[in-house]
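Participant: Here it is, the structure in full.
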């Protein structure tokens, strides 16, 4: 007799994430899981991205925070569907939380769903939520040693957005060093350099994202 | 018959932390648990603090990182005892890790022990390691909404060090807003504003720290 063994929390989570993914696929949704340290600029990036794309693609956002709903309020002001998850202490989102949140969104009315994770460079990288890809932000103010100190996040993410490049003259951070370290961890990582504050570099990012959403539609 | 129940991980951790604390107290050590987001400047603050105080007080450092030993190497270069803990994926230090690390330090030869936690604004706040107090850093580049988004960290810490104030002209962050939010969470929090890069504000912090170490010696 073979006894089924639930090996660990991550395995259970993966199963729920796969179920979420099936539902997303059925709705032809492109889904990204956006991760970074606290204050690297995830919500600001989303605001700027929505401003540029919302007339051409239909965007929904699930916001993850320990508590409060400031971020979902910021996003809702931009005129898109937004849901806030409060993790009540947990340092990452998991498949189950997304399953709850997505049931409150009209998925058939969306092309792109962004899950903004809790600000944390560690655990979010371990938990799938059903996304097509993980995308991470790194602010130049965090320093260029982060890829080697938080390698899993850089290995698991398909895209790295280096934010706050307007601050480069005032901080000890080399984009070259970040790129070198990333090439050791994840050779195919796509890298964008931008500033949500000045707008520099945003066009390349939003064009790329729009193309991903279009490809996803075509592939179904 | 009363069955002993281990209620949760945190309870077990608290017990180990209390045992660590007894050993620290026996050695008349002042112990701080230093916490922040990745890249807020914990190691830079320690370098500057050690430079200013190492001729007057004996300092040891336990560095916590997911992997690598860059930070312990930076600290050891300053001529003090340094131990690196690699958590191998865990997003915070706990009492057990510190118990292991402290056994490799000559505690009787120290006045001040600094535990530099993993860069994370969430879980480190929940896990005692045996410290006298938790001290947190917040960089102005992270924005002024962090107290309300990561309240436990601000509630559990005795001291808040606001770092990178040299960048205030270039970011959307109000020290007033931080102070207002903190006053709602932790009225007695001691706040220092400084820049590790320019040196502004460091004197107030290191004087205060030196006084805490002296008080601890006197109290035994």
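The values are calculated or read from the model by the stated rules, or taken from the named source; none is laboratory data. Computed from a predicted structure; not experimentally measured. As a convention, Cβ positions derive from the backbone with ideal geometry for all residues, glycine included, and neighbour counts pool all protein chains shown.
Let's see how each residue does on (1) modelled with pLDDT under 95; (2) under 23 Å from residue A:11 (Cβ atoms):
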residue: A:78; (1), (2): no, no
residue: A:90; (1), (2): yes, yes
residue: A:95; (1), (2): no, yes
residue: A:99; (1), (2): no, yes
residue: A:110; (1), (2): no, no
residue: A:114; (1), (2): no, no
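Participant: Hey, another quick one. Against the conditions (1) surrounded by fewer than 16 Cβ atoms within 10 Å (Cβ to Cβ); (2) within 27 Å of residue B:52 (Cα to Cα), where does residue B:159 fall short? Just the number, please.
Facilitator: Just one mismatch for residue B:159, condition (1).
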